[in-house]
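Have a look at the structure below before the remarks.
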Amino acid sequence: QVQLVESGGGLVQPGGSLTLSCAASGSIFNINATSWYRQRPGKQRDLVATIFSDSSTNYADAVKGRFTISGDNTKYTVYLQMNSLEPEDTAVYYCNADVVGWGDYAFKNYWGEGTQVTVSS
């Protein structure tokens, strides 16, 4: 089994910054891609950013130029650096990963429990 644990959420003023972390642990052979999603109050869960095993990245248009996703393969940890935060970024942020575990023959998809980010003055 694989666990994803997010951390780093909190309350920040508009224009401020936060860095979220997603640490994967368990029986991991390979991680193909790790993504951050967010779910704003009353809205569906949306993709924010993805980092692939070759370190290529994708971003949602709403966060391009403000958020940066990066990874530390030695620690199975992915970060989301969030700058110039806006009240509209307030959401629960979830980590998601496609993981091949030892003994598996295909990727399995895992979710973390989420971390709350609130942008407010």
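Tabulated values for the structure
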{"quantity": "Single residue of Ser53, Ser70, Ser84 found to be over 15 Å from the mean Cα position of the chain (by Cα) and among the hydroxyl-bearing types (Ser, Thr, Tyr)", "calculated": "Ser84"}
{"quantity": "Residue list for the stretch 102-118, restricted to those being open to solvent by less than 20 Å² (accessible area, probe 1.4 Å) and either assigned to a loop (DSSP other than H, G, I, E, B) or among the acidic types (Asp, Glu) (or both)", "calculated": "Gly112"}
{"quantity": "Entirely in the stretch 43-83, the strands (runs of 3 or more DSSP E) that have 3 or more residues that are open to solvent by 70 Å² or more (accessible area, probe 1.4 Å) and out of contact with any helix residue (DSSP H, G or I) (no Cβ under 6 Å at 6 or more places or on another chain)", "calculated": "45-52"}
{"quantity": "Residue within the stretch 93-101 that is buried (at least 19 other Cβ atoms within 10 Å of the Cβ) and either in a loop (DSSP other than H, G, I, E, B) or without any contact (Cβ under 8 Å) to a residue 60 or more places away in the chain (or both) present", "calculated": "no"}
{"quantity": "Residues that are over 17 Å from Pro87 (Cα atoms) and in contact (Cβ under 8 Å) with a residue 12 or more places away in the chain, drawn from the stretch 46-58", "calculated": "Leu47, Ala49, Thr50, Ile51, Phe52, Ser53, Ser55, Thr57"}
{"quantity": "Failed item, numbered, when Leu11 is tested on (1) more than 15 Å from the chain's Cα centre (by Cα); (2) of a type in the set (A, V, I, L, M); (3) open to solvent by less than 30 Å² (accessible area, probe 1.4 Å)", "calculated": "(3)"}
{"quantity": "Enumeration of residues in the stretch 1-33 that are of a type in the set (Val, Ile, Thr) and either over 20 Å from Val100 (Cα atoms) or assigned to a loop (DSSP other than H, G, I, E, B) (or both)", "calculated": "Val12, Thr19"}
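The values are calculated or read from the model by the stated rules, or taken from the named source; none is laboratory data. The shown structure was predicted, so the numbers you read here are calculated from the model rather than taken from an experiment. Cβ atoms come from the backbone with ideal geometry, glycine included; neighbour counts cover every protein chain shown. Note: areas computed on protein heavy atoms with side chains; ligands, DNA, RNA excluded. Shrake-Rupley method; radii C 1.70, N 1.55, O 1.52, S 1.80 Å.
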